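One structure is given below, encoded as C-alpha cells.
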Amino acid sequence: MPAPRRRSRLVRRLLVVELVTVLLTVLIAAGVSAVSTRTLVEDDEAARMLGLATAFAVAPGVPEAVAARDVARLEPAAEAVRRDADASFVTVMTPDGTRLSHPDPGLIGQTYQGTFLPAARGGALVETFPGTLGPSVRAIVPVRAGGTGPVVGMVAVGLLRVDVLSRVLRELGYLALGAVAALAIGTGLAVVAARRVRRDTLGLEPAEITALHRHHEAVLHAIREGLLVLDADDRVVVVNDEATRLLEMTTAAVGKTLAELGVDPALAARLADPSPVADESLLVGERLLLVNRTGTDDSWVITLRDRTEIEHVMRALDDARSVAGALRFQAHEHANHLQAVSTLIELGAHDDARELAVRWSRDIADLGADLRERIADPALAALVLDKATDARDRGVDLRVTGRTGTTDGSDDLVTVVGNLVDNALDAVLATTGRGVVELDLTDVGDDLTIRVADDGPGLADPAAAFTAGWSTKPGGPRGLGLALVARVVERRGGTVTTGPGVDGAGTGFVVVLPRRAPSGAREPVAHAPHGDHQAGDAQA
C-alpha cells in the first residue's frame, strides 16, 4: 500500500504566511480604497451642490424675487429644486443672512447658520458645517441683480453627511465584493503554492534539506570515482573532486562544456558519440580511464575510474612473472653449469673448473657495471639491465650502445625506453622467435636521443601506430604503449620519428627529448601494460 503523505511544518508555515500576507494586502487595499472613495464622493457632492447653487442663483426670476424679498415665490421654487436634485436643503437668504426659504418653514426669517460673508462679498464658498438639520456639505453663492449687478442675496444648497455616507457605503459594498474575491483568489493561489512546495521538497523540513545537501556534497567529493553530469547542451551541471583531478580541470567547471574546459579531445569525442559507453578504457592525457555513460537526451551521467595504478600493478606483476621465468631458466642453466664444474673437479681439472665458474658469473656483472657507467639515470640503467636479461633469456640479442648523462628526476625516460624496447622485443619474437633489438642512448647538446630498432616485420601504418587503441593483437587493453610515448614526447616538446630498423629491416624509432621538462609540466602517470605491443605491425 502507498506510504502516507508526510506533513510538513515548512509547508504549513508558508501557507499561513501567504494567507496572512494576502489578508493584510486586501485589508490595506480596502482601507485605502474606502478613504479614497469617501473623499471622492464628498468632493463630487460638493461640486454638485456648488453647481446647483450657481444654477439656481441665476435662474429666471430668482434674482428679482430675492431683491424683492418675495418669500412666496422663492419657497416653492427652492423646494422644487431640492426635490429634483435630491438635496437636503436649498436656502435663499439676504446679504445679512436672513433666510427667505428653508425646508422647515418655521426657520424662515431666522439667521442662516454657517459661513456666508464671502458669498455676501461676491465670492463662492464650499464647506462642511453642522447646521440646523445636522452636519452637511454645502455650497453658498451670491445672487446678483440682473445676474451681473450688486449682490442682493445668497443661495445655499447642501447635502447632509448622512446622505453622503449612504452613498459611500454603497460604493464600499462593491469594493467589499472585490476584496472578498481577491481574498478567495489569493487563498487559492497560496494553497496551490503550498502544495507545489510540498511536492518539490518531498515534505522535507529546511533542516532536513540542509542535512541532505551537506551529505550529498560530502559523498560526492569523497568517492574515489570521477563523476560528471551533463545537461542537454553538454554543459557540466555536477562535477566532483576526483573528476576534476582526473581531467586536470583548473577552472570552475559548472556551466561550461567539455570543449571549453579543455578536456582531452579523445574523451570529448567519445562522449559526443551517442553509442553506449560501458567500462570502456580510454587514454586521457597520460592516464588510462575506465569510462561509463548512462542517462537520457536531457541528462548524461559519466563516471571515470582511474586504471593507471591498476596498470602499474599489472605491469609489476608481468615483470615479476618475467623475472620468475628468467630465474627458473637460470636455475636450470646454473644446474647444468654446476654439473659441468663438478665433473671438472672430479676429473682433477681444478683450474679449468674455477675459470669456467668465473666466466659464467662475470657476464651479467660486467653488463650491469657497463650500463651503470654509461647511463647516469639509475632507474633507466636498471630498466635496461632488466630488459637485457629478459631479452637474453627469450633468445633475443639486445644491443645497448651510446652514453647519456641525463638525469631529469622524472619517469619520462623509463616510460619512453620501456615501451619502445618492449614493443621491439614483441615484434621480433612474434615472427621468427629470435632476432636483434638495438637501443642507443646519446646526448646531443641539450637533448637526449633515443633510438630503438628491431629486425621484425616492420610497421604497415606508422602514423596510426601512435593512436591510442590501435592494435592487431587480440585480447586485453591494447594500443597504449606508443600512444603514451607520443604524449610524453609532445608534453616534453620533443619529436618522435619512424624509419627502417636493423640492417634496413623491421622498424626503427628515434625519439629526441629535451634534457628537462618544460616549466610547469606534470609528471607522467601511466605506462602501458607489459606486453601491450603488436607483433608484425609493431605498435603500442
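The values are calculated or read from the model by the stated rules, or taken from the named source; none is laboratory data. What you see is a predicted model; the values in this text were computed from it and never measured. Neighbour counts are summed over all protein chains in view; Cβ atoms, including those assigned to glycine, are modelled from backbone coordinates with ideal geometry. Just the protein is used for accessible areas: all its heavy atoms, side chains included, with ligands, DNA and RNA removed. Shrake-Rupley method; radii C 1.70, N 1.55, O 1.52, S 1.80 Å.
Annotations for the structure displayed:
- Residue check, residue 305 of a type outside the set (A, V, I, L, M, F, W, C), open to solvent by 90 Å² or more (accessible area, probe 1.4 Å), outside any helix (DSSP H, G or I) and at pLDDT 75 or above: yes
- Among the residues making up region 110-150, those that are in a loop (DSSP other than H, G, I, E, B) and farther than 18 Å from residue 63 by Cα are 110, 112, 113, 114, 115, 132, 133.
- Residue in region 206-240 that is nearest to residue 250 (Cα to Cα), counting only those that are surrounded by 15 or more Cβ atoms within 10 Å (Cβ to Cβ) and among the hydrophobic types (A, V, I, L, M, F, W, C): 239
- Sole exception among (1) at pLDDT 80 or above; (2) closer than 30 Å to residue 244 by Cα; (3) loosely packed, with under 14 Cβ neighbours inside 10 Å for residue 310, by number: (1)
- The one condition in (1) modelled with pLDDT of 70 or more; (2) exposed (fewer than 12 other Cβ atoms within 10 Å of the Cβ) that residue 294 fails to fulfil: (2)
- Test: residue in region 343-356 that is modelled with pLDDT under 80, within 21 Å of residue 437 (Cα to Cα) and open to solvent by 60 Å² or more (accessible area, probe 1.4 Å): no
- Every residue from region 275-287 that is of a type in the set (A, V, I, L, M) and touching a residue at least 60 places away in the same chain (Cβ under 8 Å): 282, 283
- Restricting the first member to region 24-45 and to residues that are open to solvent by 60 Å² or more (accessible area, probe 1.4 Å), and the second to residues that are part of a helix (DSSP H, G or I), the beta-carbon pairs closer than 6 Å and six or more apart or on different chains are 38/168.
- Counting the residues of region 212-257 that are part of a strand (DSSP E or B) and of a type in the set (Lys, Arg) gives 1.
- Cβ pairs under 6 Å, 6+ apart, first in region 140-161 and within 23 Å of residue 46 (Cα to Cα), second open to solvent by less than 20 Å² (accessible area, probe 1.4 Å) and basic (Lys, Arg): 156/138; 158/138
- Only listed residue being of a type outside the set (A, V, I, L, M), loosely packed, with under 15 Cβ neighbours inside 10 Å and outside any helix (DSSP H, G or I), chosen from 95, 76, 60: 60
- Just one of the numbered conditions (1) at pLDDT 75 or above; (2) within 26 Å of residue 377 (Cβ to Cβ); (3) of a type outside the set (Gly, Ala, Ser) is not true of residue 480: (1).
- Pairs with Cβ under 7 Å, 6+ apart, first in region 288-317 and over 16 Å from residue 415 (Cα atoms), second modelled with pLDDT under 65 and not in a helix (DSSP H, G or I): none
- The residues of region 271-291 that are in a helix (DSSP H, G or I) and either over 16 Å from residue 246 (Cβ atoms) or open to solvent by 40 Å² or more (accessible area, probe 1.4 Å) (or both) amount to a single one, 272.
- Selected residue (criterion: modelled with the highest pLDDT) from residues of region 387-418 that are among the acidic types (Asp, Glu) and open to solvent by less than 60 Å² (accessible area, probe 1.4 Å): 412
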